[in-house]
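K.L.:
Could you have a look at this structure, given as structure tokens, before my questions?
The values are calculated or read from the model by the stated rules, or taken from the named source; none is laboratory data. Just so we're clear, the structure is a prediction, and the values are computed from it rather than from any experiment. Note that we place each Cβ from the backbone using ideal geometry, even for glycine, and neighbour counts take in every protein chain shown.
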Amino acid sequence: MGLRTPLYDIHLKYHGKMVDFGGWDMPINYGSQIEEHHQVRNDVGMFDVSHMTIVELEGPRVREFLRYLLANNVDRLKDPGKALYSCMLNEQGGVIDDLIVYYMNESWFRMVVNASTREKDLTWIRKQGAAYSIKVTKRDDLAMIAVQGPNARARVHQVLGAKAMGLDGIGIFFMRELGDMAIARTGYTGEDGYEIMLPSAQAAAFWEQLVAVGVKPAGLGARDTLRLEAGMNLYGSDMDETTTPLESGLTWTVAWEPLDRNFIGRKMLEKQKAEGVKRRLIGLVLEGKGVLRNHQKVLLNGLEAGEITSGSFSPTLNVAIAFARVTGDAGAQCRVDMRGKPTEARVVKPPFVRNGKSCL
């Protein structure tokens, strides 16, 4: 038996098919994964993401600490509630985790890290934060529900009633506190919506209120195809401690300026950038029938040049899509070894889908 979120019994009530995910018992779907995918793209769906870890970082030197800990620069965070996506690197420039950090005030930042990396993340953060006298608190008392889709915000506002006025004018990648809830306009699907942090004891009732206004539960299977279509990396598949952001399509998350900001892994990234990045993450679209799968080999000029890191059928596009890490110039076309049969694939720049529309 794995770890369980506060919504475990709710998942059983709605016939969630439970699987192990990073040591947690989580719903892969509640029936049809493809229907759940379309529900989010076209209307609204919700996901239990309480397995992710909310971490509070407090202390008078917390901003200084995060300038050192993260590859992106928290000095961009000046307004309360503003969020930033970043990688947390080791000394070799490898990705320990990707995360979102929120600025609450000058002595308090909030961070959300991945479920499968929580223990190593906390160990690393505490080790690096010791010199800065940072108080690190893991918020096991909070649950998190992601409500996503073009109608997501309207449905959440319907449930909140008059409280929704507190969300007026909230921008993308901002968080607002409404009583004992914290509501962020963030997500992992490529659609608009909210990620809602709330006391664990209130999570089941809030889930039921969302169901009552037409928000349908969706599982981790749909969440994965949605994020892939949206061109969003998955930790452990598309990047890990053996790969750098420059090799993972995440160069945009590295803040090189100011030049005097010393962050963990910077020297190795600068060296890699100067010497030329040998491996790159690219997008693939299969030409023809079939499904692209993780670890299938990618061929350039008939020679193996890398492998697929995330591959799936795209319900929105009705074709197979993938991320692949390759060496060399992929050009406009390549081949994928599908059970011994080299199959043509088109090289594209992610995302594959934006705002529910094809980018191909």
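K.L.:
Whether any residue in the stretch 265-277 is hydrophobic (A, V, I, L, M, F, W, C), within 24 Å of the chain's Cα centre (by Cα), surrounded by fewer than 21 Cβ atoms within 10 Å (Cβ to Cβ) and closer than 20 Å to residue 85 by Cβ is what I want to check.
P.N.:
Taking every residue of the stretch 265-277 in turn, none turns out to be hydrophobic (A, V, I, L, M, F, W, C), within 24 Å of the chain's Cα centre (by Cα), surrounded by fewer than 21 Cβ atoms within 10 Å (Cβ to Cβ) and closer than 20 Å to residue 85 by Cβ.
K.L.:
For the stretch 257-277, what are the residues that are in a loop (DSSP other than H, G, I, E, B) and out of contact with any helix residue (DSSP H, G or I) (no Cβ under 8 Å at 6 or more places or on another chain)?
P.N.:
257, 258, 259, 260, 265, 276
K.L.:
Could you tell me which numbered condition residue 119 fails, if it satisfies all but one of (1) among the charged types (D, E, K, R); (2) touching a strand residue (DSSP E or B) at 6+ places or on another chain (Cβ under 8 Å); (3) part of a helix (DSSP H, G or I)?
P.N.:
Result: residue 119 fails condition (2) only.
K.L.:
Test of understanding: among 98, 79, which residue is of a type in the set (D, E, K, R), under 27 Å from residue 150 (Cα atoms), assigned by TED's automatic domain parsing to the domain that holds residue 155 and part of a loop (DSSP other than H, G, I, E, B)?
P.N.:
When all the criteria are applied, what remains is 79.
K.L.:
Here is a further query. Among the residues of the stretch 170-191, write down those that are surrounded by fewer than 16 Cβ atoms within 10 Å (Cβ to Cβ) and either over 24 Å from residue 76 (Cβ atoms) or among the aliphatic types (A, V, I, L, M) (or both).
P.N.:
Listed by number, the residues that qualify are 172, 178, 179, 180.
K.L.:
Return a yes/no flag: does the stretch 170-178 have any residue that is without any contact (Cβ under 8 Å) to a residue 12 or more places away in the chain and on the phi < 0 side of the Ramachandran plot.
P.N.:
No: zero hits.
This table checks each residue for (1) part of a helix (DSSP H, G or I); (2) under 16 Å from the mean Cα position of the chain (by Cα); (3) over 23 Å from residue 262 (Cβ atoms).
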position	(1), (2), (3)
27	no, no, yes
31	no, no, yes
41	yes, no, yes
54	no, yes, yes
91	no, no, no
109	no, no, no
112	no, yes, yes
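K.L.:
Can you report the number of residues in the stretch 85-95 which are in contact with a strand residue (DSSP E or B) (Cβ under 9 Å, 6 or more places away or on another chain), surrounded by fewer than 22 Cβ atoms within 10 Å (Cβ to Cβ) and not hydroxyl-bearing (Ser, Thr, Tyr)?
P.N.:
The total comes to 2.
K.L.:
Let me ask another. How many of the residues making up the stretch 213-263 are charged (D, E, K, R) and crowded, with 18+ Cβ neighbours inside 10 Å?
P.N.:
Of the residues in that region, 7 qualify.
K.L.:
Residue under question is residue 194, and the condition is that it be in contact with a Phe, Trp or Tyr (Cβ under 9 Å, 6 or more places away or on another chain), on the phi < 0 side of the Ramachandran plot and either without any contact (Cβ under 8 Å) to a residue 40 or more places away in the chain or buried (at least 16 other Cβ atoms within 10 Å of the Cβ) (or both); does it hold?
P.N.:
Judged against the criteria, residue 194 is not a match.
K.L.:
Among 2, 22, 16, 45, which is under 20 Å from residue 195 (Cβ atoms), modelled with pLDDT under 95 and not aliphatic (A, V, I, L, M)?
P.N.:
22
K.L.:
Has the stretch 249-256 got any residue that is free of Cβ contacts under 8 Å to residues at least 12 places away in the same chain, under 21 Å from the mean Cα position of the chain (by Cα) and either at negative phi or not assigned by TED's automatic domain parsing to the domain that holds residue 330 (or both)?
P.N.:
yes
K.L.:
Right, here's the next one. With 122, 142 as the choices, which residue is out of contact with any Cys (no Cβ under 7 Å at 6 or more places or on another chain), in the same structural domain as residue 250 (by TED's automatic domain parsing) and either at pLDDT below 95 or closer than 22 Å to residue 253 by Cα (or both)?
P.N.:
122
K.L.:
Does the stretch 177-197 contain at least one residue that is part of a strand (DSSP E or B) and of a type in the set (Lys, Arg)?
P.N.:
Taking every residue of the stretch 177-197 in turn, none turns out to be part of a strand (DSSP E or B) and of a type in the set (Lys, Arg).
K.L.:
Restricting to the stretch 122-141, what's the tally of residues that are surrounded by 19 or more Cβ atoms within 10 Å (Cβ to Cβ) and under 24 Å from residue 7 (Cα atoms)?
P.N.:
Of the residues in that region, 0 qualify.
K.L.:
Can you work out which of the residues in the stretch 279-295 that are farther than 16 Å from residue 248 by Cα and surrounded by fewer than 21 Cβ atoms within 10 Å (Cβ to Cβ) is nearest to the chain's Cα centre (by Cα)?
P.N.:
Checked the stretch 279-295; the qualifying residue nearest to the chain's Cα centre (by Cα) is 293.
K.L.:
Kindly check whether there is at least one residue in the stretch 153-167 that is under 23 Å from residue 99 (Cβ atoms) and either of a type in the set (A, V, I, L, M, F, W, C) or at pLDDT 95 or above (or both).
P.N.:
Checking the stretch 153-167: not a single residue is under 23 Å from residue 99 (Cβ atoms) and either of a type in the set (A, V, I, L, M, F, W, C) or at pLDDT 95 or above (or both).
K.L.:
While we're looking at this one, here's another question. Hey, can you tell me all the residues within the stretch 313-353 that are charged (D, E, K, R), surrounded by fewer than 18 Cβ atoms within 10 Å (Cβ to Cβ) and in contact (Cβ under 8 Å) with a residue 60 or more places away in the chain?
P.N.:
346, 349, listed by residue number.
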